[in-house]
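Have a look at the structure below, then the notes.
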Amino acid sequence: MAEPGQSSEADALARDRADPLAPYRERFLLPVGPSGEPAIYLAGQSLGLQPRTARAALEAELDAWARLGVDGWWNLARPWFTLDDSLRQPMARIVGARASEVAILNSLTVNIHLLLASFFRPTGRRRRILVAAPLFPSDRHALTSHLAQRGLNPASDLLIVGPRSGEQTVRRDDLEGAIREHAADLALVFLDGVNFATGQFHEIERLTAAGRAAGAIVGWDLAHAAGNVELSLHDWGVDVAAWCTYKYLNGGPGSVGAMFVHDRHARDASVPRFAGWWGIDPDHRFDPEGPFVPDHGAAGWKASTPSVLALAPIAASLAIFDEVGMPALRARSVALTGYLAGLLDDLPIEVITPTDPQARGAQLSLRFEGAERVLATLAAGGVVADYRAPDLVRVAPAPLYNTYREAWRLAELLREFAAAQ
Ligand SMILES: Cc1ncc(COP(=O)(O)O)c(C=O)c1O
């Protein structure tokens, strides 16, 4: 419920003026709306905005390529040969990991495949994978393809725990209960940190502990969690995780993904993997006869040369995250999303995202009949949101660049839409 006075534009503007992180908005390029003014961009959960420094970072690599050709791999202040490694530490800070536990490589679904190839090792009865619904389509395809490839039956070996009838999000107790009930059958528990459809932020530490207590490997898809909520993957004991960098991490469309492998697996030579030269100690990469000895930690899962041009904008973006830090960013996110949720509370709109700020990130998912019409109304009002069939509109006030005034304006447009129905 909005506090008295909260629903005025003046109040929103006052909040923006008082906000110490408000200046960070200037670090990003905002798309232009139909009026010629900056759009109200609330689609950072899909594609984050371009940091102003991204272009210079990209141009610096293009210049190096032009000046140095192949020598750019070594003769630069930050040589291409170890550019991906140089980003591990800042990425590790975002997900609460040791640098050795993080690698920056490929893209998300490919990284999920690499992790499944290594860590989904069904034996005998212990062969099933437990997931939560709604499950992102690409994850479903990846998981079922691994089941099928090992001669298992996706129809019975993929255990899907969904919301109870009449509810929108999965209860933690139901996930824990299912993990306990199927403990002897589970090879893998594979969950999403923040759900793409509902915006629910799962209790990663507790669910990881439950999965591991059941004897399963526990993996997380953090596409909607990385750069959105505070994570402590190492301390929470997560086995493996993968995420993309084009959402809250603002790395650019199709930017390079990342993975986490807990240090407890780092030196386990028994873990099978799909190997390539980029995954061995760089000093031995060119050894023509040498065996495959994986580099320490997550780096050992890198197989091939990363795209230097795609890494450049990520480096620019990670520098901003390092300046702000996840605790301050999350604090602003909780305040901003809470403010928007308060305004929406007063409207006849169903918000399916949990109301508890600790159980959600920046995204609010709104359920409408005729959601496409709502989206069109918002677009005409200069709002970029997104639509998930059949009835969801997702909006995400990203704490690095969205404002209270934008949240207020969104609520006004939705109020007008509801009144016209
Ligand atoms: C939750 C989730 N998993 C997986 C993917 C697939 O990512 P990619 O296309 O980078 O493999 C996405 C993409 O948006 C996603 O949101």
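For the chain, what log10 I(q)/I(0) values come out of the Debye formula at q = 0.08, 0.11 1/Å, with one point per alpha carbon and no solvent? Relative scattering, expressed as log10 I(q)/I(0), comes to -0.46, -0.85. For region 265-373, the set of trypsin sites (Lys or Arg not before Pro) satisfying both a DSSP loop assignment and a count of at most 12 other C-beta atoms within 10 Å is given as Arg267. Ranking Thr305, Trp220, Trp236 by how far each Cα lies toward the positive end of the dipole of region 184-334 (charges on Cβ) leaves Trp220 at the top.
The stretch between Trp277 and Ala418 holds 45.0 nm of extra length on full extension. This uses 0.36 nm per residue minus the Cα-Cα distance. For region 69-165, which trypsin sites (Lys or Arg not before Pro) are in a loop by DSSP, counting at most 10 other Cβ atoms within 10 Å? Those that pass, being in a loop and sparsely packed, are Arg125, Arg164. The value given for region 282-421 is a Kirkwood hydrodynamic radius of 18.3 Å, derived from the mean inverse Cα-Cα separation.
Which is the longest part of the chain that has none of the GluC sites (Glu not before Pro) sitting in a DSSP loop with at most 13 other Cβ atoms within 10 Å?
The answer is 1-166.
With both labels modelled 7 Å from their Cα along Cα-to-Cβ, the Asp386 to Ala10 distance reads 3.8 nm.
3J(HN,Hα) along region 126-142, derived from phi through the Karplus expression 6.51 cos²θ - 1.76 cosθ + 1.60 where θ = phi - 60°, amounts to 7, 9, 8, 10, 9, 10, 10, 9, x, 9, 4, x, 5, 5, 4, 4, 4 Hz, with x in place of Gly and Pro. When you filter the chymotrypsin sites (Phe, Trp or Tyr not before Pro) in region 242-320 for DSSP loop state and at most 13 other Cβ atoms inside 10 Å of their Cβ, you are left with Phe274, Phe286, Phe292. For the pair Asn75 and Val110, what calculated FRET efficiency results from E = 1/(1 + (r/R0)^6), where r is the Cβ-Cβ distance and R0 = 25 Å, to the nearest 0.05? Once the sixth-power term is evaluated, E becomes 0.25. If R0 equals 41 Å, the separation of the Cβ atoms of Thr82 and Arg212 corresponds to a calculated FRET efficiency of about 0.80.
Solvent-accessible area per residue in region 292-418 equals 33 Å², computed with a 1.4 angstrom probe and all protein chains kept.
Every Cα-Cα pair of region 95-181 was included, and the share exceeding 20 Å stands at 47 percent. Cα-based radius of gyration for region 296-336, normalised by 2.2 N^0.38 Å, reads 1.65.
Placing unit charges on the Cβ atoms of the charged side chains and taking the dipole of region 264-421 about its Cα centre, the candidate lying farthest along the positive direction among Thr337, Ile320, Ala379 is Thr337. Extension gain for Arg172-Asp263 works out to 30.1 nm (0.36 nm per residue, less the C-alpha to C-alpha distance).
The Cα atoms of region 39-127 cover 58, 42, 22 Å along the three principal axes, with the biggest extent listed first. Placing a label point 7 Å from the Cα of Ser232 along the Cα-to-Cβ direction, the residues of region 82-118 whose backbone N falls under 13 Å of that point are 96-97. Here the dipole of the chain is about 640 debye; that uses its Cα centre as origin and unit charges on the Cβ of Lys and Arg (positive) and Asp and Glu (negative). Surface composition of the chain: carbon plus sulfur atoms hold 54% of the accessible area, using a 1.4 angstrom probe and ignoring ligands, DNA and RNA.
Spin-label model, Asp356 to Ala319: label points 7 Å out along the Cα-to-beta-carbon direction sit 4.0 nm apart. Extension gain for Ala22 to Glu289 (0.36 nm times residue separation, less C-alpha to C-alpha distance): 90.6 nm.
The values are calculated or read from the model by the stated rules, or taken from the named source; none is laboratory data. Quantities reported herein were computed from a predicted structural model and do not represent experimental measurements. So basically every Cβ, Gly included, is an ideal-geometry build from the backbone, and we count neighbours across all protein chains shown. These area figures cover heavy atoms from the full protein model, side chains too; ligands, DNA and RNA do not enter into them. Shrake-Rupley method; radii C 1.70, N 1.55, O 1.52, S 1.80 Å.
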